[in-house]
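Below is one structure, written out as structure tokens; the observations come after it.
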There are 2 protein chains.
Amino acid sequence: MSDTFGQTVFEAPGHDHDACIRGALARADALCAERGLRLTAIRRRVLELIWDNHRPTKAYDLLSAISAERGNAAPPTVYRALDFLLEAGLVHKIESLNAFVGCDAGHERGHPKFLICRRCEHVAEIPGPAVDSAIAREAERSGFTVDHETIEIGGICRRCAAAD
Amino acid sequence: MSDTFGQTVFEAPGHDHDACIRGALARADALCAERGLRLTAIRRRVLELIWDNHRPTKAYDLLSAISAERGNAAPPTVYRALDFLLEAGLVHKIESLNAFVGCDAGHERGHPKFLICRRCEHVAEIPGPAVDSAIAREAERSGFTVDHETIEIGGICRRCAAAD
DNA sequence: TGTACAAATGTTATATATTAACGCAAAGCA
DNA sequence: TGCTTTGCGTTAATATATAACATTTGTACA
């Protein structure tokens, strides 16, 4: 039970979420500039809405928000923005929830892997290559070539467990 | 590259699929008898349709089939059967495909983990506890208590790779 | 600077996936 | 037999996602 356990995989209790959002948008701006991608107003706003909190965001909630702001907006408006953001690696889809979270790059060059608290609904990415390695070994045993991983672990985060 | 690699995680090339289906249904009958669950005609037929091949089956494809056979059948008919089968552990849902596969019990008492070939679309379960262990270790590092895992690995199976 | 092409967005419609609610019928049990 | 639970039929609604085509915006280049 040492205190060195429990890194900031989930965000720290009093973390500055405004800074968190600003950072994510700044990273998105930089990445798009670097790759010649166009982070248009809609795309940027969708990304910002997704980063509004650390819970997965539903496409139709994005649609409501965008629609309220602009007067118009139909499903394709949102889904196209999401396609772009997914393609650019700026957001991830949580398949088991049909919802989207901002990419915090915790996975670095591996496949994203999520811890999802069913109490507070916050999502965190599992960093490091350990899980990927285990999967790669198992896949190799049956001659399977991995090119995509959907890894979504549900449970209870430390904070929610402590709150009991 | 030894020949001892490559167990029958994916079904063998010439496997007797009729026997495969019969086995799955027999296991389902036994399990339901043992637990006092009622494998009704609809439920059994849905299970049989899912086992028709090793590809994930969509709910509406089941609906079409059932509907053609019985004349009637609405979405709840199929979804209720699926709920029962999922609950009983006889089938799994592939979240990334919104589709269902028969449980081959390859995971034994762990969480199911899938290899999904994007060429032939066959699905196999990864047996053994190695991946679960790696996940458990990573989760523990952040004080996360795991109670559910969605693990769906996409790629190319040995047979499809060999067919190039 | 204008034009031409590509990319992005608007718009309408539809496809696909899932659940809610209610009533009837059959199965299991006292 | 009557009661209760479970399963099923049916209608409707909600949730998620894409197709197809029109219009606009951005960008490059003559």
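The values are calculated or read from the model by the stated rules, or taken from the named source; none is laboratory data. Quick caveat, the model's predicted, so the values are computed rather than measured. As a convention, Cβ positions derive from the backbone with ideal geometry for all residues, glycine included, and neighbour counts pool all protein chains shown. These accessible areas exclude ligands, DNA and RNA; they are computed on the full protein's heavy atoms, side chains included. Shrake-Rupley method; radii C 1.70, N 1.55, O 1.52, S 1.80 Å.
A few comments on the model shown:
- Computed over protein heavy atoms with a 1.4 Å probe, the carbon and sulfur contribution to the accessible area of segment A:13-92 reaches 50%.
- C-alpha center-to-center spacing [segment A:94-148, segment A:46-72] in angstrom: 24 Å
- Distance histogram for the protein assembly as shown (every C-alpha pair counted, 10 angstrom bins, percent rounded to whole numbers): 5, 22, 28, 26, 15, 4, 0
- Equivalent ellipsoid semi-axes, segment A:106-164, via Cα gyration tensor eigenvalues times 5, rooted, Å: 28, 11, 9
- Other-copy label distances relative to residue A:83, 7 angstrom Cα-Cβ extension, nm: 3.4
- Cα-based radius of gyration of segment B:68-150 once divided by 2.2 N^0.38 Å, which approximates compact folds: 1.35
- Within the protein assembly as shown, antiparallel bridges make up roughly 75 percent of the DSSP beta bridges whose residues both belong there.
- Across A:152, B:11, A:87, the residue with the most accessible area heads the list, and the full order at a 1.4 Å probe is A:87, B:11, A:152.
- Interface size A-B, as summed buried accessible area [1.4 Å probe, Å², nearest 100]: 3200 Å²
- Exposed loop positions in chain B were taken to be trypsin sites (Lys or Arg not before Pro) whose DSSP state is not H, G, I, E or B and which have at most 11 other beta-carbon atoms within 10 angstrom. Between these positions, the longest stretch is B:39-108.
- The calculated P(r) of segment B:1-107, using every Cα pair and 10 Å bins from 0, goes 13, 45, 31, 8, 3, 0 in percent.
- Whole-number accessible area per residue in Å² for the protein assembly as shown, which is evaluated in the context of all protein chains at 1.4 Å: 53 Å²
- For segment B:106-164, carbon and sulfur atoms together expose 51% of the accessible surface, with a 1.4 angstrom probe and every protein chain in place.
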